[in-house]
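The values are calculated or read from the model by the stated rules, or taken from the named source; none is laboratory data. Because the structure is a prediction, the values reported are computed rather than measured. Here the Cβ positions follow ideal geometry from the backbone for every residue, glycine too, while neighbour counts run over all protein chains shown. To get the accessible areas, we keep the full protein, side chains included, count just its heavy atoms, and leave off ligands, DNA and RNA. Shrake-Rupley method; radii C 1.70, N 1.55, O 1.52, S 1.80 Å.
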Amino acid sequence: MQKISKSFGGVPALIEASLEVMPAEIMALVGQNGAGKSTMIKILNGAYVRDEGSISFNGTPWTAASPQQAQRAGISTIFQEINLIGYRSVAENIFLGREPKRGFGLLDWAKMNAESAALLKRFDVKVDVREPLERFSTAIQQMVAIARAVSFDARLVIMDEPTSSLDEAEVAVLLRTIRQLKAEGVAVIFVSHKLDELYEVCDRVTIMRDGRTVQVSAMKDISKLHLVAAMLGRDLAEVKKRGATAFEESSGANIGGELLQARNIAVGHRVHDASLDIRKGEIVGLAGLLGSGRTETARAIFAADAKTSGDITFNGQPAAFKGPADAIKAGMGYCSEDRKAQGIVPGMSVAENLTLALMPALTRSGMLDEAKQREVVDRFIKEIGIKCAGPDQKIRELSGGNQQKVLLARWLCMNPKLLILDEPTRGIDVGAKAEIQMLIRRLASNGLGVLMISSELEEIVEGADRVFVLREGKTVAEFDHQNMTESKVMHAMAHGHDT
Ligand SMILES: Nc1ncnc2c1ncn2[C@@H]1O[C@H](COP(=O)(O)OP(=O)(O)OP(=O)(O)O)[C@@H](O)[C@H]1O
Ligand SMILES: [Mg+2]
């Protein structure tokens, strides 16, 4: 792809950007939120039409009419959200739209099942292909999407943040699949914000910034720090300083009295005995392996799920919330890990999405105070650096990371006493991540209590004043900032005690 330019409503998203990938090469594509990675990919696979520039594929000029046509021609794209059909079988999903027939329009089930199983076996996935897809984990579903992609005889497989919702073991399986593709001569373009993954599998990296390609390098020739600096467009010293500041600021100087206490909480079959407490102005981390009950505990505190036993006190009162509405009224906010399910309203503007929960407060006798709304929106766009054309832009047009920031702002503008953040920086680039972490710290120093769930140990260890560790639905350890190290927390996550 050479000198690709693309504007949306006069705002340039790509400016003479380029991208090259060789057969059997794994190319990393990195850049901050909004840098233009997904736009580049959508132009390649025919989802968008380019304004300018040229593309060649297999040595001939290339323009895809649609992602389906691109797939038939050998370019398959796998998105973060799997767009397969959950209730259909694994095999049906692989052959969706081109099922083998036995004559008289009858489906050749035996052939379909056998070929699907063979395909998946190539990637070491052994499942019953007659089972509905939704019975399997996200990782397996993603593998099915890849098998489908490969079954079209793909020469190039594009993965746009495929690992953001996978756990560590699942990521390992996906990375192995990528290596397998390479071994079979297939080229891969891999978009991810997780540097470790990129360094593990990629041959080269293309770095984008503000719609341009700023650097292409062999992975082995570029250090992580250099890569981040190129993404951010800053010099190395400044990047180092940024990291250091975020860390230092987490001293938690203004921690006040008790804000929340949860004792011996049990919910569903995952959580039996979770206890934690949060003080005003304190950032409390909740660590644990996938399935340890972190989200379930947080949801019980927010009254999104009913606890079966245990006591919660919030702000000096026993919390007898009937549901999230009561929790919100009392001053809690909950930013869930799944930004799609949690209610981005795609057709609405940035301003409307941002102030959705604040609407009652902005409305006087049925009239929306637009000036006030605009003031709030402008402040948050500026404060957390939401990259958008303006408050009236549709949120679906924003890059993934910027959508996440709008959702965070939705809760922040309610001025909550306690904010529960479930994976607050998932899918967010390195620069924005540091910004969001600093913002959380700043809010905490003004008295906000924060409960932060994160799968990234570094984020918890560096960002939290205290951490509670859950293991199999039970609180097994507590560390304060001074005693907290990644290895101690990890040990407690794995073994349930801290020695
Ligand atoms: N359909 C669209 N309409 C208007 N603007 C768009 C559209 N698609 C993308 N943009 C804009 O183009 C720019 C690049 O967005 P893109 O989604 O390519 O970023 P990205 O690098 O994939 O970011 P992320 O890491 O957050 O996924 C952004 O400023 C975005 O708002
Ligand atoms: Mg993107």
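Karplus-derived 3J(HN,Hα) values for the range 44-56, using 6.51 cos²θ - 1.76 cosθ + 1.60 with θ = phi - 60°, are 5, 9, x, 6, 10, 9, 6, 7, 8, x, 10, 10, 10 Hz; glycine and proline are entered as x.
Reducing the range 1-41 and the range 93-122 to their Cα centroids gives an inter-centroid distance of 36 Å. Charges were assigned to the Cβ only: +1 to each Lys and Arg, -1 to each Asp and Glu. The resulting dipole of the range 344-443 about its Cα centre is roughly 220 debye.
Counting every pair of alpha carbons in the range 272-376, the share spaced more than 21 Å apart comes to 49 percent. Per-residue 3J(HN,Hα) values for the range 403-418, derived from phi via the Karplus relation 6.51 cos²θ - 1.76 cosθ + 1.60 with θ = phi - 60°, read 4, 4, 5, 4, 5, 5, 5, 4, 7, 4, 6, 7, 6, x, 8, 10 Hz in sequence order (x marks Gly and Pro). Against the chain, whose longest principal axis is taken from its Cα atoms, helix 370-383 shows a tilt of about 70°. Global dimensions of the range 2-233 from alpha-carbon coordinates: Rg and Dmax equal 18.2, 62 Å.
Principal-axis analysis of the Cα atoms of the chain puts helix 430-445 at an angle of about 10° to the longest axis.
Summing +1 for each Lys or Arg and -1 for each Asp or Glu among the other residues whose beta-carbon sits under 12 angstrom from that of R279 gives -2. Rolling a 1.4 angstrom probe over the protein heavy atoms with all chains in place gives the chain an accessible area of 46 Å² per residue. In terms of accessible area, using a 1.4 Å probe and ignoring ligands and nucleic acids, Y199, Y334 rank largest first as Y199, Y334. Candidates S349, A287, P162 compared by Cα position along the dipole of the chain: farthest toward the positive end lies S349, with charges placed on Cβ. Looking at this model, which pairs from K394/K433; K224/K417; K3/K224 are more than 31 angstrom apart at the alpha-carbon? From the list (K394/K433; K224/K417; K3/K224), the Cα-Cα distance tops 31 Å for K224/K417.
The dipole here belongs to the chain: it is taken about the Cα centre, uses +1 on the Cβ of Lys and Arg and -1 on the Cβ of Asp and Glu, and is about 920 debye.
In nm², what is the average projected area of the convex hull enclosing the Cα atoms of the range 256-495?
12.8 nm²
Please name which of G473, Q437, S7 has its Cα lying farthest along the dipole of the chain towards the positive end, using unit charges on Cβ (Lys, Arg +1; Asp, Glu -1) and the Cα centre as origin. So the residue we want is S7. Per-residue ellipticity at 222 nm, computed for the chain from helices alone with -39500 (n - 2.57) per DSSP H run of at least four residues, works out to -10500 deg cm²/dmol. The distance separating the Cα centre of the range 281-324 from that of the range 379-404 comes to 30 Å.
Potential lengthening of the chain between Q317 and R72 amounts to 82.1 nm, from the contour at 0.36 nm per residue minus the alpha-carbon distance. A Cβ-based charge dipole, computed about the Cα centre of the range 141-182 with Lys and Arg at +1 and Asp and Glu at -1, lands at about 300 debye. Measuring only protein heavy atoms, the 1.4 Å probe finds D392 accessible over about 100 Å².
Based on the Kirkwood radius over alpha-carbon pairs, what is the Stokes-Einstein translational diffusion coefficient of the chain at 10 °C with 1.306 mPa s viscosity, in µm²/s? Working shown, then result.
Working: Rh = 24.4 Å.
D = 65 µm²/s.
In the assembled protein chains, E423 presents an accessible area of approximately 10 Å² (probe radius 1.4 Å).
For V125, the accessible area of its heavy atoms, probed at 1.4 Å with every protein chain present, is near 10 square angstrom. I'd like to know which of Q141, A218, G233 lies farthest towards the positive end of the charge dipole of the chain, counting +1 on Cβ of Lys and Arg and -1 on Cβ of Asp and Glu. Highest projection toward the positive end goes to Q141.
In order along the range 173-181, phi translates into HN-Hα couplings of 5, 5, 5, 5, 4, 5, 4, 5, 4 Hz, rounded to whole numbers, per the Karplus curve 6.51 cos²θ - 1.76 cosθ + 1.60 with θ = phi - 60° and x for Gly and Pro. In this simple spin-label model, placing a label point 7 Å from the Cα along the Cα-to-Cβ direction at both A306 and A114 gives a separation of 5.3 nm. Label positions at R379 and A169, each projected 7 Å from the Cα along the C-beta direction, are separated by 4.7 nm. Taking amide H positions as modeled 1.01 Å from N, with prolines and chain starts lacking one, the residues under 5 Å from F57 and 5 or more places away or on another chain are W62.
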